[in-house]
Amino acid sequence: MTAHATEPTPGVPPMPERNPKALREAIVQHAPQLLPGFDEHWRWAVADAYDISTVPAFMARWWGEYAIARDPKLDAHVTDLEHRAAESADLVEAKALLEEASHIRHRVQRLEPGQ
C-alpha cells in the first residue's frame, strides 16, 4: 500500500467529534459534495424512521465517507482503485484492487476525533 493511502495529507482537516451534528458540520465545511447524501440518509434512516438505534450504523458509514473525502489525494486513490477494478478483465487483479480499497475504508473507520 502506498504511503498516501495510510497517512493523511498535510493540511487535511482533523476528524470531528464522533456525533452526527459535528460530522455534518465537518462535511459542510470540508466535503460539501457529501452533504446531499448525508442529509437524505439521515432523513430516511433516523429522522423519518423515529429510530435512534440506526445511528451507530449511520455514523459508521458517514465517518468513513468523510474520512476519505476530506483528503483529496486519498479520495482520488480510492476512486482510482475502484474504477480500475470495475474496468479490469482480470478477476485476480480486480479482487486485489478492491481489497486495497476495502482495507483503506476499514482503516479510516478506526480514526479518532482530532486525527
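Couple of notes before you dig in:
- Trp62 meets the conditions (1) more than 12 Å from the chain's Cα centre (by Cα); (2) crowded, with 16+ Cβ neighbours inside 10 Å; (3) more than 19 Å from Thr9 (Cα to Cα) in every case but one. The failed one is (1).
- Residue in segment 32-39 that is under 21 Å from His106 (Cβ atoms), modelled with pLDDT of 95 or more and either touching a Ser or Thr at 6+ places or on another chain (Cβ under 9 Å) or of a type outside the set (A, V, I, L, M) (or both) present: yes
- Restricting the first member to segment 21-49 and to residues that are closer than 11 Å to Arg70 by Cβ and free of Cβ contacts under 8 Å to residues at least 60 places away in the same chain, and the second to residues that are small (Gly, Ala, Ser) and in a helix (DSSP H, G or I), the beta-carbon pairs closer than 6 Å and six or more apart or on different chains are Ala31/Ala69; Leu34/Ala69.
- Residue within segment 50-59 that is more than 20 Å from Ala22 (Cα to Cα) and over 10 Å from the mean Cα position of the chain (by Cα) present: yes
- Top-ranked residue in segment 44-100 [being hydrophobic (A, V, I, L, M, F, W, C) and in a loop (DSSP other than H, G, I, E, B); ranked as modelled with the lowest pLDDT]: Ala49
The values are calculated or read from the model by the stated rules, or taken from the named source; none is laboratory data. All figures in this text were calculated on a predicted structure; none of them were measured in a lab. Quick reminder, even Gly has a Cβ in these numbers, built from the backbone with ideal geometry, and neighbours come from all protein chains shown.
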